[in-house]
Structure formats: C-alpha cells, structure tokens
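Down below is the structure, laid out as structure tokens.
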Amino acid sequence: MRRAVCPGSFDPVTNGHLDIVGRASKLFDEVVVAVGVNKSKNRLFDAEERMDMLRQACAGFDNVQVAGFRGLLTDFCSEHDIIAIVKGLRAVSDFDYELQMAQMNASLAPIETVFVPTSPEYSFLASSLVKEVAAFGGDVSGLVPDFVRELLTVRLAERAAAGD
C-alpha cells in the first residue's frame, strides 16, 4: 500500500489545503493529514480542534485519515510506513523553501517529496491571511469550508472580547 502524508499546521484548514489533500488522495492508496503539534507555537486553534476540523473537512475522502505528530516528520513517516510527503506549492518562493526541506528529509529517511502545484484559484491562500482578513471582518467564505468560517468567526470574537 502506498501511503503519503500531507503535513501542516492547518490553523485553520483552508480550501487550498483541501485541494491538495483531495488531489493526493487520487495519487496514493492512503493519505494521512498530519497536524504538527508544537505547544510552544501560539495557534488560534489547539491541535485537537485543528484535527477535528480536518476530520470533518476530509470526511468525503474515503482514503484520508487525520493524525497529530510531534518531532520530526520523517520519524512520523517511518513509524507509519509512509513513503511520500505531499506538499502544495503556491509560488516559486514556496519551492525554494520546500526543496531544501525535501532534501533534508531525504537525508534523514528513505522518503520522497511530491510537489503539487496549487490550483490557480488558491494560489494566494494562506491560513495566516485568512485569519487576518477574518479578524478585520472580511468575507472568507469560499476560502475555507463554511463550518470553519463559523468556528473562525466565533474564536476571533472570543479573542477580541478577551483583549488578545
């Protein structure tokens, strides 16, 4: 069985992430969406919330599962018999960074990195931009699943009320 991983922080999951996951699900027998769990990073949603969002967002893909991981992605891959890392590329700047990461990962474990160009309608999309637009009251429908937009709106309102 050919297993691949789509890693990320997914804070929050966007339609661009789901585009890459969906396309990876057609290339591999099984895809694990791996959520990086790093307590030192300040995220809008905690790891369990992000994994729950992804489980709901990926429910339509029969061969996709969601898991969290700590530490090196290559260790996670080795432990789960994953042969490939799938990364979406939005721009040349993504390629520069991701190529270096792919070469480092290949030096640590026998794993290939597969680059998938982002669909044009999502080429500008990043979780950080979605959060910023939503924080200023901008419309992010079409950029994230509807249920994520609702959760995002509620969380940002909670943060604003708390003075964060």
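Just a few scattered comments:
- Residues within segment 138-158 that are open to solvent by less than 70 Å² (accessible area, probe 1.4 Å) and farther than 22 Å from Asp19 by Cβ, tallied: 3
- Hits in segment 18-36 (condition: outside any helix (DSSP H, G or I) and under 12 Å from the mean Cα position of the chain (by Cα)): Val32, Val33, Ala34, Val35, Gly36
- Extreme residue, surrounded by the most Cβ atoms within 10 Å (Cβ to Cβ), among residues of segment 32-57 that are closer than 17 Å to Lys87 by Cα and not β-branched (Val, Ile, Thr): Leu54
- Boolean, Val114 is within 15 Å of Ile20 (Cβ to Cβ), of a type outside the set (Ser, Thr, Tyr) and touching a residue at least 60 places away in the same chain (Cβ under 8 Å): yes
- Residue in segment 77-97 that is open to solvent by less than 20 Å² (accessible area, probe 1.4 Å) and in a helix (DSSP H, G or I) present: yes
- Conditions (1) under 12 Å from the mean Cα position of the chain (by Cα); (2) acidic (Asp, Glu); (3) not in a helix (DSSP H, G or I); number of the one not met by Asp62: (1)
- Segment 40-59: number of residues that are among the aliphatic types (A, V, I, L, M), over 21 Å from Thr118 (Cβ atoms) and either part of a loop (DSSP other than H, G, I, E, B) or in contact (Cβ under 8 Å) with a residue 60 or more places away in the chain (or both): 2
The values are calculated or read from the model by the stated rules, or taken from the named source; none is laboratory data. Everything quoted here is computed from the prediction, not taken from an experiment. Quick reminder, even Gly has a Cβ in these numbers, built from the backbone with ideal geometry, and neighbours come from all protein chains shown. Remember, those area values only see protein heavy atoms, side chains included, never the ligands or the DNA or RNA. Shrake-Rupley method; radii C 1.70, N 1.55, O 1.52, S 1.80 Å.
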